[in-house]
Amino acid sequence: MTRLSPNLVPMLVVALLVLALYWPIMYLANIPAAQRALDTGAALPCKTAFECATQLRSPVLPSPQQLWNGFANLMFPLNSPNAIPINAAVTALETVVGLLLAAVVGFFFAIGMVASRAFERALLPWIVASQTVPIIAIAPMLVVLLGQYGVQGWLPKAIIAAYIAFFPITIGVAKGLKSPDPLALDLMKTYNANNWQTYLKLRFPASVPYLFTAFKVAMTAALIGAIVAEISTISFQGIGKMLAENSRASDVVAMWVIMLSSAALGILLVALVGWLERLLTPWRQAGARTATPKQARWPAREGVRGG
Amino acid sequence: MKANTASEPSAVGSNPGIVVSVQGVSMVFPNGTVALKNANLEVAPGEFISLIGPSGCGKTTLLRLLADLIQPSAGTICIGGKTPEEARKSRAYGYVFQAPTLMEWRTVLANVMLPLEVMNFPPAERRARAERMLALVGLEKFARHYPWQLSGGMQQRVSIARALAFDPQLLFMDEPFGALDEITRENLNLELLRLWRETGKTVIFVTHSIPEAVFLSTRIVVMTPRPGKIETVIPVDLPQPRTFETRETTRFFELATEVREALRKGHGYEVME
């Protein structure tokens, strides 16, 4: 937990800045609507347009107070099927399962692309093409197709999440597998290491830092994929289902609350990847090297302990 | 790739007193560069051979040919009576690269164990050998450190320990100290000589530095560029064991001058010292 705290203060500063900017924009957006409401004689517990700007039933932008109340309404009771916690958990499950599926597919493609130029040439354009198809169009088609084979509920959403998450994983892992220094590959050759040993002892470990970077990108992609899939197909649970419902009910405040919750869920899931990364790559800790996963050919400085 | 290598399979390498034999070896890269032209060299067991010359003289190419990392365009190479490929597959040599090429995710000890894992040594023996090798290069206290915690000189010592871990009789070293400062380099030179005396290995050592070559070698192979070729071979008769004072003797300077003049004769001017 202590590792989170260095991030926490700058994060809160940004939140305060956004709030400070949000306030005047909210007034600007709502005052004309409030004026119109007053002109038409709507029953409002306020007298001036400025006062009413924070109390509209369906505001253009909800006031912080309205958002706060909205959160209170939508968060509790915790186990209610219409509250955010359960629905967020379902979406999180779809996202994580989607990411794991994407990892399997991504690894398969990445190994193929590193092992064979022909495989890369034949498949890469199609992999790119698969990502340009609008997910909102392909999601219902996939659900119909999967439904044909009895795959229903949260699994089709996970598959759709995997569909857009496998791309960054494929590219990231392929780059990671290609990252070892040519000299390191020569070294394995002088040991007469076979292909499998070269992957196991050199290419896979070298790709781990790239893998986690790819996972962070893929996690946000998978979350969007899961939510879009929930919106564009028949869903009984999930953030996307809540968005679709409240959109039909024109509940602007609820829409904002759900949107912010899904953003928070995204932060949480990416933080989870970051935590796993720290756990599984102990050699990169203590500020050893900041961003570059590739080993420097020679350390820039003469080490910390002298030679 | 290896067009003429198999033409005379048993004619050379039969001499038991020769551990490395290079006969008429040439290397032309696909882009037409003649990296090495008609090289001939014989190395006896226990020798310390330095290959010296400016960039582009083919010294690294020659070492890579010996190690079967590339194959010659012409000529025959024998390593202990075997072809380079057979020698590589029987793990006849250890190779130390210009950069330490340590695996950053492995501790120092685990890095030294890497070749032993690849070669399927029993786990207990891997550990014992790696610890012995680290002691040999004076780094036993750093076994649990990660490479980034070590200085460049220490990293290169780990890579030497790693090359010696499976006890090959031959050690190929490609400018292992080229990126180090002069003071570290002179210390490591002394240490390398001590290792060589203690282990009785045959060493083939590539360098840019005349003093380093003179200090370390039993023979110096002077190479010159365009096209890369062996200009001459200079025997070094400085007495063993060599010490820091060896560098200040008259004979040392005479030999250094001899090497320098051989390089100049072959137009290999741009030698660093």
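The values are calculated or read from the model by the stated rules, or taken from the named source; none is laboratory data. Worth saying up front: this structure is predicted, and the values here are computed from it rather than measured. As a convention, Cβ positions derive from the backbone with ideal geometry for all residues, glycine included, and neighbour counts pool all protein chains shown.
Read through the list (1) touching a Leu at 6+ places or on another chain (Cβ under 9 Å); (2) closer than 30 Å to A:ARG284 by Cβ; (3) within 11 Å of chain A (Cβ to nearest Cβ), then give the number of the only condition that B:PHE172 fails.
Of the numbered conditions (1) touching a Leu at 6+ places or on another chain (Cβ under 9 Å); (2) closer than 30 Å to A:ARG284 by Cβ; (3) within 11 Å of chain A (Cβ to nearest Cβ), the odd one out for B:PHE172 is (2).
Condition first: assigned to a helix (DSSP H, G or I) and crowded, with 20+ Cβ neighbours inside 10 Å. Now tell me which residues in segment A:56-66 satisfy that.
Result: A:GLN66, single match.
For segment A:258-267, give me the residue count where each residue is surrounded by fewer than 17 Cβ atoms within 10 Å (Cβ to Cβ) and in contact (Cβ under 8 Å) with a residue 40 or more places away in the chain.
Total meeting the criteria: 1.
Return a yes/no flag: does segment A:74-84 have any residue that is farther than 30 Å from A:ALA139 by Cβ, out of contact with any Ser or Thr (no Cβ under 8 Å at 6 or more places or on another chain) and among the aromatic types (Phe, Trp, Tyr).
Looking through segment A:74-84, at least one residue is farther than 30 Å from A:ALA139 by Cβ, out of contact with any Ser or Thr (no Cβ under 8 Å at 6 or more places or on another chain) and among the aromatic types (Phe, Trp, Tyr).
Could you give every pair whose Cβ atoms fall below 9 Å, whose first residue belongs to segment B:141-160 and is in a helix (DSSP H, G or I), and whose second residue is acidic (Asp, Glu) and surrounded by fewer than 21 Cβ atoms within 10 Å (Cβ to Cβ), counting only separations of at least 6 or pairs across chains?
B:PRO147/B:GLU104; B:TRP148/B:GLU104; B:GLY152/A:GLU302; B:GLY152/B:ASP181; B:GLY153/A:GLU302; B:GLY153/B:ASP181; B:ARG157/B:GLU191; B:ILE160/B:GLU191
Could you figure out which of (1) under 21 Å from A:MET113 (Cβ atoms); (2) touching a Leu at 6+ places or on another chain (Cβ under 9 Å); (3) more than 14 Å from every other protein chain (Cβ to nearest Cβ) isn't true of A:MET219?
Single failed check for A:MET219: (1).
Each row is one residue, and each column tells you yes or no for (1) crowded, with 16+ Cβ neighbours inside 10 Å; (2) touching a Ser or Thr at 6+ places or on another chain (Cβ under 7 Å); (3) modelled with pLDDT under 85.
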{"site": "A:LEU16", "(1), (2), (3)": "no, no, no"}
{"site": "A:LEU44", "(1), (2), (3)": "no, no, yes"}
{"site": "A:THR48", "(1), (2), (3)": "no, no, yes"}
{"site": "A:CYS52", "(1), (2), (3)": "yes, no, yes"}
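Does A:PRO81 qualify as being at pLDDT 85 or above and over 30 Å from A:GLU277 (Cα atoms)?
No, not satisfied.
Given the structure, is B:CYS78 part of a loop (DSSP other than H, G, I, E, B), buried (at least 24 other Cβ atoms within 10 Å of the Cβ) and under 18 Å from the mean Cα position of the chain (by Cα)?
No: the conditions fail for B:CYS78.
For a quick check of your reading: which helices (runs of 4 or more DSSP H) sit entirely within segment A:148-202 and have at least 2 residues that are within 14 Å of another protein chain (Cβ to nearest Cβ), touching a strand residue (DSSP E or B) at 6+ places or on another chain (Cβ under 8 Å) and without any contact (Cβ under 8 Å) to a residue 40 or more places away in the chain?
Answer list for segment A:148-202: A:182-190.
Filter segment A:130-141 for residues that are assigned to a helix (DSSP H, G or I) and not small (Gly, Ala, Ser); which is surrounded by the fewest Cβ atoms within 10 Å (Cβ to Cβ)?
A:THR132
Quick check: anything in segment A:269-278 under 25 Å from A:GLY70 (Cα atoms), out of contact with any helix residue (DSSP H, G or I) (no Cβ under 6 Å at 6 or more places or on another chain) and surrounded by fewer than 20 Cβ atoms within 10 Å (Cβ to Cβ)?
No, segment A:269-278 has no match at all.
Examine segment B:49-56 for a residue that is under 30 Å from A:SER207 (Cα atoms) and touching a residue at least 24 places away in the same chain (Cβ under 8 Å), and state whether such a residue exists.
No: segment B:49-56 contains no residue that is under 30 Å from A:SER207 (Cα atoms) and touching a residue at least 24 places away in the same chain (Cβ under 8 Å).
So that you can scan it fast, the table gives a plain yes or no per residue for (1) among the charged types (D, E, K, R); (2) within 20 Å of A:ALA218 (Cβ to Cβ); (3) assigned to a helix (DSSP H, G or I); (4) assigned by TED's automatic domain parsing to the domain that holds A:ALA263:
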site: A:TRP68; (1), (2), (3), (4): no, no, yes, no
site: A:ASN73; (1), (2), (3), (4): no, no, yes, no
site: A:ASN79; (1), (2), (3), (4): no, no, no, no
site: A:VAL96; (1), (2), (3), (4): no, yes, yes, yes
site: A:LEU101; (1), (2), (3), (4): no, yes, yes, yes
site: A:VAL105; (1), (2), (3), (4): no, yes, yes, yes
site: A:MET113; (1), (2), (3), (4): no, yes, yes, yes
site: A:PHE119; (1), (2), (3), (4): no, no, yes, yes
site: A:VAL128; (1), (2), (3), (4): no, yes, yes, yes
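Criterion first (closer than 16 Å to A:SER207 by Cβ, in contact with a Gly (Cβ under 6 Å, 6 or more places away or on another chain), assigned by TED's automatic domain parsing to the domain that holds A:THR198 and of a type in the set (Val, Ile, Thr)) does A:ILE169 satisfy it?
So A:ILE169 fits the description; yes.
Tally up the residues in segment B:123-167 that are more than 7 Å from chain A (Cβ to nearest Cβ) and of a type in the set (Phe, Trp, Tyr), please.
The number of residues fulfilling the criteria is 2.
Does B:SER50 count as over 22 Å from B:PHE177 (Cα atoms), in a strand (DSSP E or B) and not charged (D, E, K, R)?
no
Those residues that are more than 8 Å from every other protein chain (Cβ to nearest Cβ), part of a helix (DSSP H, G or I) and at pLDDT below 90, I need them from segment B:81-122; list them, please.
Within segment B:81-122, B:PRO84, B:GLU85, B:GLU86, B:ALA87 qualify.
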